[in-house]
Amino acid sequence: MSESNEIHRYLKQTGELFGDELYIDPEIVTADDPGPALKSFYNQIKNCTQCSLGTTRDQFVFGVGDPNASLLLVGEAPGAEEDRLGEPFVGRAGKLLDKILAAIHRSREKDVYICNVMKCRPPNNRDPLSSEVMSCEPYLWRQIDLIRPGLIVALGRVAGTTLLKKENEALKNLRGKIHDYHGTPLIVTYHPAALLRNSNLKPAAWEDFQWIESILEGV
Ligand code: SF4
């Protein structure tokens, strides 16, 4: 999709949310602390029903973490536990992610923000449809505008292919490269659930996160 089409989609989405007037949150313009603007944005979209997932979700899952984070972790979509609790990356995979973050001297509260491309759970954890991604991805753009991370890390193949619009690309072809996502560097690595399923992947994932830490030192 061209940049002008993406701008059109963003404006259409905000138009549907806020009406004909172009919405500019004054806190975005004036505050160095994006926390209040992020909270305000959450309140604006938490009841979203732009796609059918809004009618099947249990909880809307916006994201958690440090609004001033230099590292933004993005998964594909909430799973069953996330849908139940309203928080991304909980359960065993979330605990493993917390351990990985601790190993690179970070945490959910410290210099990391965690969210998903999709804010609502697709039924039975199916992959999100492209029409659903079209509806929801502008919310991620807005979160990025507010947080202004130095690096985005897509967790898992589906998150990576969805963000980079490289449908059917293998994870091995996406790892080990610095991609560009709307002007912010993006790296793709394993989803922590994949590391739980196959511990042989852990050394490669650890290499990725050491690389991520070294990139963040220069941000
Ligand atoms: S998935 Fe995104 S676009 Fe669809 S209802 Fe939920 S918040 Fe809205």
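Since every read-out is calculated from the coordinates, none of them should be taken as a lab result. None of the values given here were measured: they were computed from a predicted structure. Note: ideal-geometry Cβ built from the backbone for every residue, glycine included; neighbour counts use all protein chains shown.
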query = So for segment 3-217, taking the charge dipole from beta-carbon charges (+1 Lys/Arg, -1 Asp/Glu), which of Gly54, Pro138, Gly183 sits furthest toward the positive end?
reply = Gly54
key: the chain - percent relative contact order, Cα under 8 Å, separation 6 or more   = 20 percent
key: For Asp58, residues with placed amide H under 5 Å, excluding near neighbours   = Arg121
ask   = For the chain, the longest stretch holding no trypsin sites (Lys or Arg not before Pro) located in a DSSP loop with at most 13 other Cβ atoms within 10 Å is which?
value = 47-125
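Counting only GluC sites (Glu not before Pro) that are in a DSSP loop and have at most 12 other C-beta atoms within 10 Å, tell me the longest site-free stretch of the chain.
Values: sites that count: Glu21, Glu109, Glu167.
With a cap of 12 other Cβ atoms within 10 Å, the longest stretch comes to 22-108.
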note = A correct fewest-to-most ranking of Met118, Met134 by other Cβ atoms within 10 Å would be Met134, Met118
ask   = Hey, what angle do you get for helix 130-147 against the long axis of the chain, alpha-carbon based, 0 to 90 degrees rounded to 10?
value = 90 degrees
request  = Using only Cα atoms, find the angle between the long axis of helix 202-217 and the longest principal axis of the chain, and express it within 0 to 90 degrees, rounded to the nearest 10.
outcome  = 60 degrees
ask   = Which of the pairs Lys39/Lys110; Lys119/Lys165; Lys95/Lys166; Lys166/Lys202; Lys46/Lys172 have their Cα atoms more than 27 Å apart in this structure?
value = Lys95/Lys166; Lys46/Lys172
request  = Over the residues of the chain, compute the C-alpha Rg and express it relative to 2.2 N^0.38 Å.
outcome  = 0.97
